[in-house]
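Heads up: the structure comes next, in structure tokens.
Bear in mind these aren't lab numbers, they're just calculated from the coordinates by the rules spelled out. Here the structure is a predicted model, which is why all the values come from computation and not from measurement. So basically every Cβ, Gly included, is an ideal-geometry build from the backbone, and we count neighbours across all protein chains shown.
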Amino acid sequence: MNRITHTFQTLRMQGRKALIGYLTVGDPNLKTSERNIRLALASGLDILELGVPFSDPTADGPSIQAAGQRALASGVNLKQILAMAARLRRTSKVPMILFSYANPLFRYGYDALCRDAARAGLDGFLVVDLPFEESAELRVPMKRHGLLFIQLIAPTTSPERARRLLAEADGFVYYILVKGVTGTRKRIVFDTKKNIDRLRTCTALPIAAGFGISDGEQARAAARHADAVVVGSALVEAARAGRLAKLVRELATAVHKA
Amino acid sequence: MKHEPDARGHFGPYGGRYVAETLMPALIELEQAYRKAMKDPAFNKLFHAILRDYVGRPSPLYLAERLTKAYGGARLYLKREDLNHTGAHKINNTIGQALLARRMGKTRLMAETGAGQHGVATATAAALFGMECEVFMGTEDIRRQAPNVQRMQFLGATVHPVHSGTATLKDAMSEAMRAWVARVDDTFYVIGSVAGPHPYPSMVRAFQSVIGTEARAQILEKTGCLPNMVIACVGGGSNAAGIFSAFLDDTKVRLVGVEAAGFGIRTGKHAASIGAGRIGILHGAKSYLLQDDDGQVQNAHSVSAGLDYPGVGPQHAHWADSARVKYCSITDTEALRAFDDLTRLEGILPALESSHALAEAKKRARKLGARATIVINLSGRGDKDLDNIMAYKQKHRKQ
């Protein structure tokens, strides 16, 4: 069984929610980034998203944009990211998802990528700018290599569309909480309950909620309705400020107790 | 040859819709509204009435006799898009999209701009229809196209400076896409080229096809036959797609798209996505793209802000593969010489973008011979470029 599915099953049996954390790989360089990722894993992440930096991140806010710029300036590439994933896999059983824009994956070559990612111990991909309609090209080799294609659902996605998209989804659903780019927000108008309840009628998969969550309080509020909470920009900022472990512990406590 | 994309916006392997899920419903809604509008005679009537009475269409097709003599060969006809209201072809498209926005009940227009021509054209349409307007523009372009920034502001638009990346058109477009995600309910994103996700490439071409339709009828009227060649510059490729569209089935008419070679293709500082790029995915579509081996988008370079973009419209990629259109490139220096030629010989100041098409005509006129005719799309006027040209000439005088 895929580690993602296994993790959600285990957590569901324990009656716990999951904390999913995103970090841009290579920010500010490969070595520091690997240390931060290990720190986050040790502090309570249930699932890890490894962010592939991209020159033109059209769905990201200032924090992840800047992280990507720093990572690219340090010269990191997908090959090195896969090698890091393999190193992490030697010591961790946490599910790992490659979080990327389409072009770096496309340039690597979808077949070669799926082979190398599976070998490195990755469990799935989340591709921000690859909507369902364009995804077949990637989903076919992913399936062959036992990787899960994580489907994003937005507040703008109609229930009919969600049902169609989720018919072939696997692992979990990533529900985007806000209309906008990634990044922390002081106040999120959470229609979380209504939207997630509606999404439950479209799928039996676990639902992870993300975009805009930055602290324990927001995470707890989201975790009350979702099965998992995703935090990205806030982790990137915390890593910069040297308080990553503290934030991950705070978030994990909030999510696990929700 | 098929000219329309498939149901999901693919031109062969190119095009499509590579955007975040948040935008997908908006694109599907846009596509449906667009299809409906194009079938509505009232919409088309209104669009063409505005093009006639407000934009000043049809734009003339002008036989440039002194330029023809100087270039020593084919008769050179200029399609005078520079005479349109706001000074470039861009207005054809923004009128079309603003009308569509109004039909869809959107109250805000948003645009990216490089040279500022599309920004000005969008701000103009917004003023005309009483809509709010926001324009995203790279700080580097704000510097080299200052007059257009002021024009947009006078027209009531808010200009957002974009500092990220190279601070040019590519980054302006990325920022516009981010802003659109946040305001997708009430905002219509007016893309200025035949680029971006479906339906933009075919929609923008449709609104710009008026250039080709007019040019074809005009050349037939003036000469009694079709031209041997049609030349247009290609950044994203909207003026080229617009003029080519009427000649696609005239297989004897050679179509030539001119990319910006900047300092020269071999220097790596250019904007020739078709000439020197590889297939990739950027800003919602699959097409030729300037990128490194890791799939990171590379910076384009051109003296012309409107051509300074590392990608190209997906249909151009398809035309390049099928060889229906031949693509070549012109350096900064060649374009500036052509700018001087037209200015001195005809009293017409061409935009630096259009100067690339003129420079290509210079190379081909003699070989085609005096009995041949070339139609050159003079896509815009050069007033916006004067400071930039002056600076360039001062910098390169000693070299």
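List of remarks:
- Wholly within the range B:269-352, helices (runs of 4 or more DSSP H) carrying at least 1 residues that are basic (Lys, Arg): B:332-346
- Listed here are the helices (runs of 4 or more DSSP H) enclosed by the range A:47-147 that have at least 3 residues being without any contact (Cβ under 8 Å) to a residue 40 or more places away in the chain and under 19 Å from A:Ala169 (Cβ atoms): A:110-120, A:136-144.
- Matching residues in the range B:215-273 - criterion: being on the phi > 0 side of the Ramachandran plot and surrounded by fewer than 18 Cβ atoms within 10 Å (Cβ to Cβ): B:Gly224, B:Gly264, B:Gly268
- Within the range B:192-207, tally of residues that are assigned to a helix (DSSP H, G or I) and among the hydroxyl-bearing types (Ser, Thr, Tyr): 2
- In the range A:141-157, of all residues being within 9 Å of chain B (Cβ to nearest Cβ) and surrounded by 21 or more Cβ atoms within 10 Å (Cβ to Cβ), the one that is farthest from A:Arg89 (Cα to Cα) corresponds to A:Thr157.
- Selection status of B:Lys222, within 30 Å of B:Arg371 (Cβ to Cβ) and in contact (Cβ under 8 Å) with a residue 24 or more places away in the chain: yes
- Taken together, the residues in the range B:13-44 that are away from chain A (no Cβ under 14 Å) and either over 24 Å from the mean Cα position of the chain (by Cα) or surrounded by 15 or more Cβ atoms within 10 Å (Cβ to Cβ) (or both) amount to 10.
- Residue that is nearest to B:Thr333 (Cα to Cα) [pool: residues in the range B:251-280 that are within 14 Å of another protein chain (Cβ to nearest Cβ) and over 19 Å from the mean Cα position of the chain (by Cα)]: B:Arg278
- Residue in the range B:166-188 that is surrounded by the most Cβ atoms within 10 Å (Cβ to Cβ), counting only those that are more than 7 Å from chain A (Cβ to nearest Cβ) and among the small types (Gly, Ala, Ser): B:Ala172
- Complete set of residues in the range A:117-140 that are away from every other protein chain (no Cβ under 14 Å) and crowded, with 18+ Cβ neighbours inside 10 Å: A:Ala117, A:Ala120, A:Gly121, A:Leu122, A:Asp123, A:Gly124, A:Phe125, A:Arg139
- The single condition among (1) hydrophobic (A, V, I, L, M, F, W, C); (2) in a strand (DSSP E or B); (3) touching a Lys or Arg at 6+ places or on another chain (Cβ under 9 Å) that B:Ala260 does not satisfy is (3).
- Residue check for A:Gln9: within 23 Å of A:Phe172 (Cα to Cα) and more than 16 Å from the chain's Cα centre (by Cα): yes
- All told, A:Ser92 falls short of being in contact with a Lys or Arg (Cβ under 6 Å, 6 or more places away or on another chain) and more than 14 Å from chain B (Cβ to nearest Cβ).
- Number of the exception - B:Arg8 against (1) surrounded by fewer than 15 Cβ atoms within 10 Å (Cβ to Cβ); (2) away from chain A (no Cβ under 13 Å): (2)
- The range B:149-169 residues that are closer than 22 Å to B:Ala125 by Cβ, paired with ones that are assigned to a strand (DSSP E or B) and aromatic (Phe, Trp, Tyr) (beta carbon under 6 Å, 6 or more apart): B:His160/B:Phe136; B:Val162/B:Phe136
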